[in-house]
Each structure stands twice: as C-alpha cells, then as structure tokens.
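Take a look at the structure below.
The values are calculated or read from the model by the stated rules, or taken from the named source; none is laboratory data. This structure is a prediction, so every number in the text was calculated from the model and none was measured. Note that each Cβ is placed from the backbone with ideal geometry, even for glycine, and that neighbours are counted across all protein chains shown.
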C-alpha cells in the first residue's frame, strides 16, 4: 500500500513538472496555422503574379501589422498553395534572441539604418544574387534610398517606400496674414528666412500660443547631417568614433537658431509641445509651416473636414543653410531583410519580391503614403488634385536638383540618444537653467559618450 | 521475526527522522507547493539571478552572442555619477524629493479622512466609496484623466481658470509637471490608505476611550494619547509602503509626459519628473545599456532595502507594539 502511494507521489510530481515545463517553454506550433478564407480579389491585393510554390513551406515574418496586413498574407497564401505565413510583431530584443537561439525567422522588417549592425553580426542574407536575377526588382528602377540597405559590397534588403524627409510646407493663408510674399515653387529657402517667417506667422492669445510658425519634425541629427552635407561635411568622423557638435560652427549656429525659435515659441518645444503630430498640426491650423516629407500627402489625402485645406499648403524643397544648394535625402528607410539563418531562402525571396514589387507595392503607391521605392510605380501616385500635382513636381525637382545621397548612419549608437539628449538640454535652456553653449556642450558630451560605449561593446 | 530484523525495519522507517508516513506527508506537501514553487523559480528566482548576472556585463539587449563580463564597471560608473552630481544623482534626488513630499501628505490626509469617516456622519458609506474609487481605477486610465484635466491647451483646469480669470494660461504639464505628479499621487493613493487607517481606528479598544472620557479627556487629548499611539503600526506600514512605491515610480511620469504617445519608447518626461526609474528606463531601452540599467536597478534595490532596515530598526522608538517584536 505504501509502495503504491510513493509511486503515485512520484507520478504526480513528474506530471506536474512536465506540465509546467510545457507551459513555460517556447514551444513551436506543431501544426501549420489555420488558413484564413481567401478574401475577395481586388486589383490591389491580387497575388496572381506570384509563382506557385510546390513544396509546403512556412515563412515566419517579423513585421508590424500596419505594414504586413492580413489581407496581403491571405492574398499571397491563396495564390501560392503550400505556403503559410506567420507574422510576429517586431521587437529588437526578440529578434536577437530568435536569431541566436536558432528559431525560425525568414523575413525581418527593419530600418535601412540597421543594415550595418545586422550585416556585421551575420544576421541578414546578402541578396545580391537574388536582385541580379529578379525581373521585378531591378537596380536601375530603384530610388537612391535603397542605398541604406547596401553595406560593404553586399545588398541586404530594400525599403518599401521613401520620401525626401525634409521638404518645406507653408500655408499660403498664414503667409499672407503675416505679410510674407511667397517665392515661386521650387525656390530654395534658407533656414534663416524660414525662421524669420516662423516668428512672423506665430500667433498668441492670452499667453497661449495658438499657432506656431513652424512645426519642426524633430529629426535633429538628420537635419544637422543634411545641413553639413551642403559643404561636403558630416556630423561623424570618418570611422564614426566621434561626433563633432560643439566645435562645428554650422552645427552650433543651427542648434542656437532652433533654440531661439523655441524660446520665441515659433516652433513646438519641450515647454510648448505639439499635442499631436505634423499632419493634424497643419490641418488644424496649429502650425503655419513644417519641414517634413511627402508622407504629409497621405495624411492630407485622408483628411476629413480640415480647418485648413490641403490646397492651402505649398511644398518647397528642403530648407538650405547656405542658400546655394540643399540636401534632402530620405533619412532612413523602412524596409525588409531576409534572415541569414533562413532555411527557406528562395520562398522568402519570392514573398519579399512580391511585397516589394508586386500588388502590395502597387497598392502602397496608389494610396500615396510615401513614394514608391520603384520608379516604375511613380505613375501610380495620386495626382488628381492640383496640390497633389504640385507636390509631385516638387519631389521630382528635388530628386534632380538637390543632394539625395543617403546620410551616413553611425553604427555605434542609437540616434535616439541625440534627440532625447537635445530635448532634455533644450528644456533646461528654455527654463533658464543653462546657457545655449552649455546645452550644446552637454549634447556633444552625451553623444560622444554613447558612441564610445557602443565602440567598447563592439570590440 | 527476530529482534535484529525488527530493529533494522524500525531504523529504515525512521530515515532522516521521518517515518514512512512522515515521508508520505512530506511528499504531499511538496506536491502541493510544486506549482507555486516551480513558478517562483522560473519567474522570480531565475530572472532575478539573470538580472544580477546581467549587471556585470555589457549586454545591450541584442548582443546575445558577443556580450562580455565587465566586472564591476557598471557599478563603478553608477557610483561615479552619484559622486560627480551626474544625471543618476539628479534622478535619485528628484525621486527622494517626490517621496519626501508625497508620503507625509498621503499619510496626514488619509488619516484625517479616516477619522472623519469613522464618525457617525450622514452618508459615510457614500464618502467611503467615493474616496476609494481612485484606488480601483487602473493607473494608466487615472493618469490619462489627470492629463485631460491638466493639459496645457485643452485641459479642464485651464478652461475653468479662464472662466474665473480671463486669459489665464498655465502650462501645467511642462512647467509644473512635478506638482501634477504629486497631486495625482495623493489623489490616487489616499483611498487605499484611508481604508487601512479606518481599520486601525476601528481596532482601538472602546474601553480605553470610555475610560479617558470618564477621566475628562477631550477629543484632541484622546487622539494624541490613545488613537495615535495605537495607530503607529499602521503609520509605520504606510511609511514603508510609501517609500517603496515612491522610489519605484515609473509609469506615471512617463504617461504624464506631454508627448508620451508620439515619442513611444523614447518618451522623455519633463526634467522635474526625471525619476530614478525613468533614468533606468532611458539607459536600458533608449540607450540599449541593459547591463548598466540592471546595475542601477540593483543599486535601487539595496537603497530601498537599507532604508527599510533603518526604518524597521528605528520603529522601536516610536511604534507601539502590544508585544515586544524582539521576543520570539
């Protein structure tokens, strides 16, 4: 009897241990995910051009739902019998853990800014042979921002869309109210000129700022880099080991100008922040001008009952520091990579190719939230309204007449450090706790410390 | 059966002081605690141990295959920040100020409300519920309510002030964020403390109060000499819980930041609300210095531990215990 009880105890402990281990483990699904019903075929989502895959294959794609919708997955799976796709949400730490642990991951959504880090760690596949053979994705059909995905001779991915990120938008009504005579489209406007206009267009009521003159997009490091590009300079040393901020007169002058604009409440700032973001700020009349990209077109296109009509805004080339030339490349690039550890490289490429050059790419171009990464899709960009046509003309002019070379991405630190450190020091400056020189010196010190930390980790 | 055999069996049955029946009972005990114990191991002990190990590395959250042990370098850097008036020291000092301001306000206010709510007043059930409601609202929702109240441009408070004094415009969330955080903390924290104080007040023996009243004591004398001493264990508990909660504050200042939604992971609250946990969050997730962030967490842990030990030690001088806590 006692012996029998002991066995029961042992059996229960073993069973519990097995159950708990199963609960805690990261068990991979043993069955393929249930295939959803095929959606009604539309021109935008039809995946008929994707070739059928004979062998059953499951692809694991790390991408946000906003860029890889269930509709896209359903359309592809319906047109490719045997293929199943599992989408998982993007997460940098999870990505690293999955790759190191050898878990299945085939396609990875990421920024072009990540290319060097991913390639150096051997996480992503060099797609050069695939691009060379592709009928859909041809090098001469691609925009310059695809360069963000090239590194040390390899070609690791592609952005899904892009925009020159710092074009300048200004309200004709606000300008007229302030007595500003706007120059013809495609005129290069300087930062000093725009700052002067911003001050004139700022409106206050009872101590409250009801309209800032300019909604600055907070691409602090990117703007500094593009301003320096005008003279062939860069924020970082050749080997990326140092950022030159406090000793570069142009950078100091730019940051000082912006701090003074913030002090005058002519731009949103840490003490008077934007309640939303640039599109609603412009459409609700909270900002009279903005530096931003063609992305604005998508927001304007979808606007319902705007206070200020999209047609009221003129798009100009990016602001120039020197006044002779301006640089307005895409500051990054949201795109896709293929994992170097994938066992389904060909199937992953087929899906990659479909997403970047097939129906989803056509659909994105027709919506007009950003510009297509393939020039051949430019004809699809929305151009029914006059203001939409003006935006396209401006983009084409900027592509032909401004510096479009991608900026250099420092692989040793996150540019979030530059932006958050500057915001923190700008706040202290605006509260009168430090001088602008101290704010810039603090930024220089913090950014260089972050770079030094990154280099130490990389060694 | 010989006497020797019987002795051998008895010895076997008494292995490690437990008979066969004792072993069976012990086994059942372990079976019943196994689900909790395995969970505790998997989700508490192991993560804490990994966190400790991480604090000795240069782990960035992504360098699983290349991270290195760097000894006490993270701790050395953190203490360097403390001794050179760096940002870590600033964050700790702001957190300390938050604790110093909110804990006394919370305790005094909740004690006063608890005294009122234990009196025979009309509608006390309603008021008890009313004061407790903020405690059951999820933190995120309650912070959003306060954000809607205090918003610089569209806040209810500024709108009301404008009705009273036209053209009044106060940037609550950007120029007075610390005040807003303290107000939120008191609003959200008082309800729970009131309940505990009410339990304490209702536990004061009625015969003591009756005796004092017969001896001619007035309300203040009764509170000072009877109620307050008997409530010191509750006050002591509120102090300990308040210190731990205040020093770990993170979510509230992050959510109160004006651009919390737009900035996402890079959210930076106004400098007045740059608490120690915010600094750890920034170092870990914005700067991707998980190793350094872990070392800061351990420093915070030991700081809280030392404070708690000091408070517990000093409690014998001011906390009334019906039994001597040192008696075993």
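Assorted remarks:
- Only residues that are in contact with a strand residue (DSSP E or B) (Cβ under 9 Å, 6 or more places away or on another chain) and either at positive phi or in contact (Cβ under 8 Å) with a residue 60 or more places away in the chain (or both) were counted across region B:44-62, and they come to 3.
- Test: residue in region A:100-114 that is modelled with pLDDT under 90, crowded, with 17+ Cβ neighbours inside 10 Å and in contact with a strand residue (DSSP E or B) (Cβ under 9 Å, 6 or more places away or on another chain): yes
- When the residues of region B:85-98 are filtered to those that are within 14 Å of another protein chain (Cβ to nearest Cβ) and without any contact (Cβ under 8 Å) to a residue 24 or more places away in the chain, the one that is surrounded by the most Cβ atoms within 10 Å (Cβ to Cβ) is B:86.
- When residues in region B:48-84 are screened for being under 10 Å from residue B:294 (Cβ atoms) and either in a loop (DSSP other than H, G, I, E, B) or more than 26 Å from the chain's Cα centre (by Cα) (or both), 4 of them pass.
- Positions within region A:83-108 being in contact (Cβ under 8 Å) with a residue 60 or more places away in the chain, within 13 Å of chain B (Cβ to nearest Cβ) and under 19 Å from the mean Cα position of the chain (by Cα), in sequence order: A:108
- Residue check, residue B:303 surrounded by 21 or more Cβ atoms within 10 Å (Cβ to Cβ) and away from chain A (no Cβ under 14 Å): no
- Single condition residue B:259 does not satisfy, out of (1) within 14 Å of chain A (Cβ to nearest Cβ); (2) farther than 26 Å from residue B:58 by Cβ; (3) modelled with pLDDT of 90 or more: (3)
- Single condition residue A:85 does not satisfy, out of (1) touching a helix residue (DSSP H, G or I) at 6+ places or on another chain (Cβ under 6 Å); (2) over 30 Å from residue A:459 (Cα atoms); (3) in a helix (DSSP H, G or I): (3)
- Residue A:220 satisfies every condition listed in (1) without any contact (Cβ under 8 Å) to a residue 40 or more places away in the chain; (2) surrounded by 19 or more Cβ atoms within 10 Å (Cβ to Cβ); (3) within 14 Å of another protein chain (Cβ to nearest Cβ) except (1).
- Any hit, region A:135-150, residues being assigned to a helix (DSSP H, G or I), free of Cβ contacts under 8 Å to residues at least 24 places away in the same chain and farther than 26 Å from residue A:364 by Cα: no
- Subset of region A:447-459 [touching a helix residue (DSSP H, G or I) at 6+ places or on another chain (Cβ under 7 Å) and either more than 14 Å from residue A:418 (Cβ to Cβ) or at pLDDT 95 or above (or both)]: A:447
- Hey, residue A:337 touching a helix residue (DSSP H, G or I) at 6+ places or on another chain (Cβ under 7 Å) and buried (at least 21 other Cβ atoms within 10 Å of the Cβ) or not: yes
- Taking the listed residues A:299, A:323, A:285, the one that is farther than 24 Å from residue A:372 by Cβ and modelled with pLDDT under 90 is A:323, with no other qualifying.
- Residue A:371 being surrounded by fewer than 21 Cβ atoms within 10 Å (Cβ to Cβ) and in contact with a strand residue (DSSP E or B) (Cβ under 9 Å, 6 or more places away or on another chain): no
- Only listed residue being part of a loop (DSSP other than H, G, I, E, B) and surrounded by 17 or more Cβ atoms within 10 Å (Cβ to Cβ), chosen from A:285, A:299: A:285
- Region B:70-84, residues that are more than 16 Å from residue B:300 (Cα to Cα), within 13 Å of chain A (Cβ to nearest Cβ) and loosely packed, with under 14 Cβ neighbours inside 10 Å: B:84
- Against the list (1) free of Cβ contacts under 8 Å to residues at least 24 places away in the same chain; (2) under 30 Å from residue A:251 (Cβ atoms), the condition residue A:302 fails is (2).
- Region B:260-328 holds helices (runs of 4 or more DSSP H) entirely within its bounds, and those carrying 2 or more residues that are farther than 23 Å from residue B:97 by Cβ map to B:260-263, B:290-318.
- Being away from chain B (no Cβ under 13 Å) and either surrounded by fewer than 21 Cβ atoms within 10 Å (Cβ to Cβ) or under 19 Å from residue A:427 (Cα atoms) (or both) is true of residue A:249.
- Sole residue being within 14 Å of chain B (Cβ to nearest Cβ) and part of a loop (DSSP other than H, G, I, E, B), chosen from A:455, A:434: A:434
- Considering each residue of region A:195-212 in turn, at least one proves to be part of a helix (DSSP H, G or I) and in contact with a strand residue (DSSP E or B) (Cβ under 6 Å, 6 or more places away or on another chain).
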